[in-house]
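Data first, discussion second: the structure below is written as structure tokens.
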Amino acid sequence: MRSLRSKITWSFLLLIGCSVLGTGIFVALLLRSSYLDSLTYRLEKEGIVLAETVQWTDYSKLRKQEELFQKTLDVHINFFDQSGNLIGERDLKTGLDKNGHNIPEVNSVLHHGKEREVQTSIRGEYLYAAVPVIRDNQVVGAILLSLDMEEINQSLRQVWISLILGLIIAYALAAFFSSRIASGITRPVEEITQVASDIARKKFHRRVRADTQDEIAFLGRAINRMAYSLQNQMETIRKSERRLNSIIESMESGLIMIDATGKVSLANRSFERMFGIPQSDLVGRSFRQLTYPYDISSLITECAESNTRIRKEIPLYYPEERILEANLAPMWVEKNGVGVVVVFHDLTAIRRLEQLRKDFVANVSHELKTPITSIRGFAETLLDGAMDDPETAREFLRIIHEESLRLQRLIGDLLDLTQIESKQTPLKISKVSVESLLQSVRRMVQDQIESKNQSLSVKIDHPFEVEVDEDRFRQILLNLLSNSINYTPQGGKIRLRATGGTDRWQLEISDTGIGIPEQDLPRIFERFYRVDKARARDSGGTGLGLAIVKHLVEEHQGQIEVKSKVGEGTTFILTFPLLSK
């Protein structure tokens, strides 16, 4: 396909070529006609001058005059008398008949020469001019001037050569300037085309140079405005797309989009984590290949066919037990049909918390019910007459007092646990010596230790200081030591050991008690959980001590670990960051 520049160039060249060719032919013909007219006019004038000045009476002198005039005028001259006879023998050069009546021009002037009309014509290779010689108003002869056309043609050929050379030079210059003009016209168009192609390839930074005030410059400015507008719109779209992708990828909920053709067009990372299916295995494939969870395909089909929102909880049992909430909504932006957006919310933690709340309410109710029932029963027994027996009344009052103390401990532990979990009471961190902290706790439990004939050893590898909330940390130690004392038989041993490191320090509380079964270890920090419910209630425990310990350890940015074997004892290992040396 020919370019616009070549079309314009060839159009200019064709137009200029035709114009130059036509002009050359017209000028050449005009020059030839003008030259012939000039020669004819010259012959006429020269013939008239000869006819007026020649001495016609003496033929001998006439021949001499003929030679003189012929040399002077550089033309061939023949004289004819009144009868048309040639005077002299000078007809060989032109090849004319000696009888002038056989020469049209001579015959015409001999018969009609009184009007002094000159007869001219071109015949063969010569230009002829016949002039009548008039004396006393009578035609006494005729003069024939002959000019060889070869000389004329030679001059015209030189004119033609000069004209052709000039036309060639003019055509070459015209071709050069037409190419420059075509280039000047098409270069902006080519630049606009290139910029438009770059814009189509999303290179919106390209611009057209528009320095002039013509129509092409106006078009270039319009292209620049369009590119600027598209650039702004695409940047806005990219920002919106990045925001949307960031939101989708940062969602905790799993999201999957199904287009109108039934293929998965989008799946975020949360969906991949929930179901363990890579995005590359989903995008571009039919949703019917989703076999896990098993009923998701039927839900998507139902949502697309009914054009209604669907919400359903889906239980999963592999690789772990979970509860997911599937929310399906039709997507009407699709041109070829209805798409579906599916969002999965993990309700496992919520359902677990709800169950914990139910269990907590049930456990609190159960724990409160027992002492309240005991207090009420013994109080009614006393009111019914048991007060009259002093020993019985005293025993009943002792039990009522113990149950009330148990209620007080339970309520106190519940309040402490609530405050710790809600973080309503911030820690009062202070620097304290580990040795002084452990020795103060030892003194607080010394009476309990001695009452059960147990031994408590405190060992510190080397003296060091830590930054803790002293009151809260004592609460941690007292709860753990109380458990060790309660679940260690008479004569048992309890050990308290502190070890300092470069950035962390460790505390171990071990005993030689009854131990904890392995299956119960993961649950001992739950509220109201007891390994042996009967013995725990007999020991006066509330079932909240270890839950309080765990929360307080976490408040101190520490970790707690438990190791135990039934019949051999239990060891609690607490690790904390060493905030100061």
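Bear in mind that the values in this text are calculations on the coordinates, not laboratory data. If you're wondering where the values come from, they're calculated on a predicted model, not measured in any experiment. Every residue, glycine among them, receives a Cβ derived from its backbone with ideal geometry; neighbour counts consider all protein chains shown.
Modelled this way, with points 7 Å down the Cα-to-C-beta line, the labels at Asn453 and Ala386 are 3.3 nm from one another. Among 482-488, 492-498, 289-295, sorting by the average number of other beta carbon atoms lying within 10 angstrom of each residue, highest first, gives 482-488, 492-498, 289-295.
Post the alpha-carbon centroid distance, segment 108-157 to segment 339-361, in whole angstrom. Segment 108-157 and segment 339-361 have Cα centres separated by 131 Å. Among the listed pairs Lys493/Lys563; Lys369/Lys565; Lys202/Lys239; Lys431/Lys493; Lys431/Lys459; Lys493/Lys565, those whose Cα-Cα separation exceeds 22 Å are Lys369/Lys565; Lys431/Lys493. The order of Arg187, Arg443, going from fewest to most other C-beta atoms within 10 Å of their C-beta, is Arg443, Arg187. Separation of segment 267-303 from segment 550-567 is 41 Å, based on Cα centroids. By the count of other C-beta atoms within 10 Å, a proxy for reagent exposure, Cys18, Cys303 are ordered fewest to most as Cys18, Cys303. Full extension of the chain between Gln154 and His462 gives 97.5 nm of extra length, using 0.36 nm per residue less the Cα-Cα distance. Compute the distance from the alpha-carbon center of segment 224-261 to that of segment 160-183, in whole Å. A separation of 60 Å, based on Cα centres. Summarised as an ellipsoid, segment 426-577 has semi-axes of 24, 18, 14 Å, derived from the eigenvalues of the Cα gyration tensor scaled by 5 and square-rooted, with the largest first. For Ser121 and Arg376, the difference between the fully extended length at 0.36 nm per residue and the C-alpha to C-alpha distance is 75.5 nm. The simple Förster model, with R0 at 41 Å and r as the Cβ-Cβ distance, assigns Arg311 and Ser365 a FRET efficiency of 0.80. As a calculated quantity, the FRET efficiency between Asp136 and Phe177 at R0 = 56 Å, using C-beta atoms, amounts to about 0.25.
Report the FRET efficiency, 1/(1 + (r/R0)^6), for Ala196 and Leu266, where r is their Cβ-Cβ distance and R0 is 41 Å, rounded to 0.05.
Using R0 = 41 Å, I get an efficiency of 0.80.
Length gained on full extension, Glu470 to Ile411: 19.0 nm, using 0.36 nm per residue less the C-alpha separation.
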